[in-house]
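Step one of this worksheet: look at the structure below.
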Amino acid sequence: MSQAEYRVRARRLREARRLLVKVGSALLVDPKSGRLNRAWLDSLGDDLARAARRGQQPIVVSSGAIALGRRHLGLAGGRLRLEESQAAAAVGQIRLARAWQEVLEERGLAVAQVLLTLEDTEERQRYLNARATLNTLLALGAVPVINENDTVATAEIRYGDNDRLAARVAQMASAECLVLLSDIDGLYSADPGRHPAAEFVPEVRAVDASIEAMAGGPTSAVGSGGMTTKIAAARIALDAGCSLCIASGRRAHPLRAIEEGERCTWFLPGATPRAKRKQWIAGTLKPRGRLMIDAGAAAALGRGKSLLPAGVTRVSGRFERGDTVSVVADGREIARGLAGYSSGDATLIAGRRSSEIEALLGYRGREELVHRDDLVMLRAAE
């Protein structure tokens, strides 16, 4: 593939509304000294600031806490026990967060630290809370810097690598593009370190058994990932409608290098995150409840508006916030969406103005009972 063809594919990076960048430990931390590679981090900070200036919302998933912390605790090289990793993460996370704060705030970007566990992206209520926090941070112009919460995760409830965590965050935030910066420039037909004749794979449209067979083990001493975890991340990303790029971060300004046609591997989905999300909502086999609405609300939904409490005439079924519900007008299901409130709270605010929600429920929730981003009109209603 030519440099010009790589530049064409890099439009997905430039044009993504939400751009997620995962940074590996081997790039952030010198494997010999255990010290932060500040000059390289500054160059990436320039790239992220440039993305923000052109209207994008950057998100960072950053490894490096354990690699930074183990030096300060005097932990020798080699594989650490879980409790040693957690101790190193507790020490290193402070230093990692401070480094990101300094680099991004010097470039006029507000920074937020978010620590997640596997359960936060798998358990429904935690997922919704984390998603709402990320959306709010991005709306306020902050750059979330995310890492796994290694200090509290157990062996059974941790990712163990930030590649898959990054893909879950991309799914959670409906990011259009995820870039995995690593110490390898992309996917090969076999491990190029062991097989010099291995062929580079510039583009993947679907993750199947042949693609999974190309993966090897971890490629660096300080990282916990490898091509296997990157392929797993690609599968998650593609299912969410997110483009994923595996690229080398060994040079300065790695995002700019991708845009200028640097060789990398692109995993390309068949649909956008928004379309994938809508397909998932519409395909729910058994909605947990029903929202009966009046003619005015039905007309508003047809114009692409959200469903407000004022347009709801009755609530049936038992559901929690985030469950799929049917939206019914004149006895016919016209839409499906994710409920912004539980059935109990929805019943209390049905037919009332959004300005009354806080007085009725005792807390300030969202204005919409079903937000338009979480709602899909059914063909039968068109």
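Select from segment 1-17 the residues that are of a type in the set (G, A, S) and surrounded by 13 or more Cβ atoms within 10 Å (Cβ to Cβ) and write down the one among them that is nearest to E260 (Cα to Cα).
A10
Those residues that are among the small types (G, A, S) and touching a helix residue (DSSP H, G or I) at 6+ places or on another chain (Cβ under 8 Å), I need them from segment 48-75; list them, please. I'd like the intermediate steps shown before the answer.
Taking segment 48-75 as the starting set, the residues that turn out to be among the small types (G, A, S) are 49, 51-52, 55, 62-65, 67, 69, 74.
Scanning segment 48-75 gives A49, A51, S62, S63, G64, A65, A67, G69.
For the list (1) outside any helix (DSSP H, G or I); (2) without any contact (Cβ under 8 Å) to a residue 24 or more places away in the chain, I need the number of the one condition that E102 fails.
Here E102 meets the rest and fails (1).
Just checking, how many residues over segment 82-107 are farther than 23 Å from R54 by Cβ, hydrophobic (A, V, I, L, M, F, W, C) and crowded, with 18+ Cβ neighbours inside 10 Å?
Residues that pass the stated criteria total 7.
Is it the case, given these coordinates, that P273 is under 18 Å from L375 (Cβ atoms), in contact with a Gly (Cβ under 6 Å, 6 or more places away or on another chain) and buried (at least 19 other Cβ atoms within 10 Å of the Cβ)?
Yes; evaluated as a whole, the condition is true for this residue.
Residues in segment 324-342 that are touching a residue at least 40 places away in the same chain (Cβ under 8 Å) and within 22 Å of E123 (Cα to Cα): how many?
6
Considering each residue of segment 108-143, count those that are open to solvent by 60 Å² or more (accessible area, probe 1.4 Å) and part of a loop (DSSP other than H, G, I, E, B), and give that number.
3
Can you work out which of the residues in segment 19-57 that are of a type in the set (A, V, I, L, M, F, W, C) and part of a strand (DSSP E or B) is most open to solvent (accessible area, probe 1.4 Å)? Break it down stepwise before answering.
From segment 19-57, those of a type in the set (A, V, I, L, M, F, W, C) are 19-21, 23, 26-29, 36, 39-41, 44, 48-49, 51-52; that's our starting set.
Still in the list and also part of a strand (DSSP E or B): 19-21, 23, 29, 36.
Working: L19: 1, L20: 0, V21: 1, V23: 0, V29: 3, L36: 54 Å².
Looking at the filtered set, the residue picked out is L36.
Residue-by-condition table, conditions (1) under 21 Å from L138 (Cβ atoms); (2) touching a Cys at 6+ places or on another chain (Cβ under 9 Å):
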{"residue": "R9", "(1), (2)": "no, yes"}
{"residue": "R12", "(1), (2)": "yes, yes"}
{"residue": "R18", "(1), (2)": "yes, yes"}
{"residue": "S33", "(1), (2)": "no, no"}
{"residue": "D46", "(1), (2)": "yes, no"}
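Those residues that are over 26 Å from the mean Cα position of the chain (by Cα) and among the aromatic types (F, W, Y), I need them from segment 323-382; list them, please.
Residue satisfying the conditions is Y363 alone.
Given the conditions (1) open to solvent by less than 40 Å² (accessible area, probe 1.4 Å); (2) without any contact (Cβ under 8 Å) to a residue 12 or more places away in the chain, and given that L255 satisfies all but one, which numbered condition is not satisfied?
Just one mismatch for L255, condition (2).
Based on what the data block shows, is R79 open to solvent by 60 Å² or more (accessible area, probe 1.4 Å), touching a residue at least 60 places away in the same chain (Cβ under 8 Å) and charged (D, E, K, R)? Lay out the reasoning, then the answer.
Details: open to solvent by 60 Å² or more (accessible area, probe 1.4 Å): yes; touching a residue at least 60 places away in the same chain (Cβ under 8 Å): no; charged (D, E, K, R): yes.
No; evaluated as a whole, the condition is false for this residue.
Go through segment 159-262 and tell me which helices (runs of 4 or more DSSP H), entirely inside it, have 2 or more residues that are over 27 Å from L82 (Cα atoms), aliphatic (A, V, I, L, M) and modelled with pLDDT of 95 or more.
Passing ranges, in order: 254-259.
For (1) of a type in the set (D, E, K, R); (2) modelled with pLDDT of 85 or more; (3) closer than 20 Å to S182 by Cα; (4) touching a Pro at 6+ places or on another chain (Cβ under 6 Å), each residue gets a yes or a no:
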position: A67; (1), (2), (3), (4): no, yes, yes, no
position: S85; (1), (2), (3), (4): no, no, no, no
position: G108; (1), (2), (3), (4): no, yes, no, no
position: L115; (1), (2), (3), (4): no, yes, no, no
position: R124; (1), (2), (3), (4): yes, no, no, no
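The values are calculated or read from the model by the stated rules, or taken from the named source; none is laboratory data. Note that the structure is a prediction, hence the values are computed from the model and not measured. We place every Cβ from the backbone using ideal geometry, glycine too, and count neighbours over all the protein chains shown. Note: areas computed on protein heavy atoms with side chains; ligands, DNA, RNA excluded. Shrake-Rupley method; radii C 1.70, N 1.55, O 1.52, S 1.80 Å.
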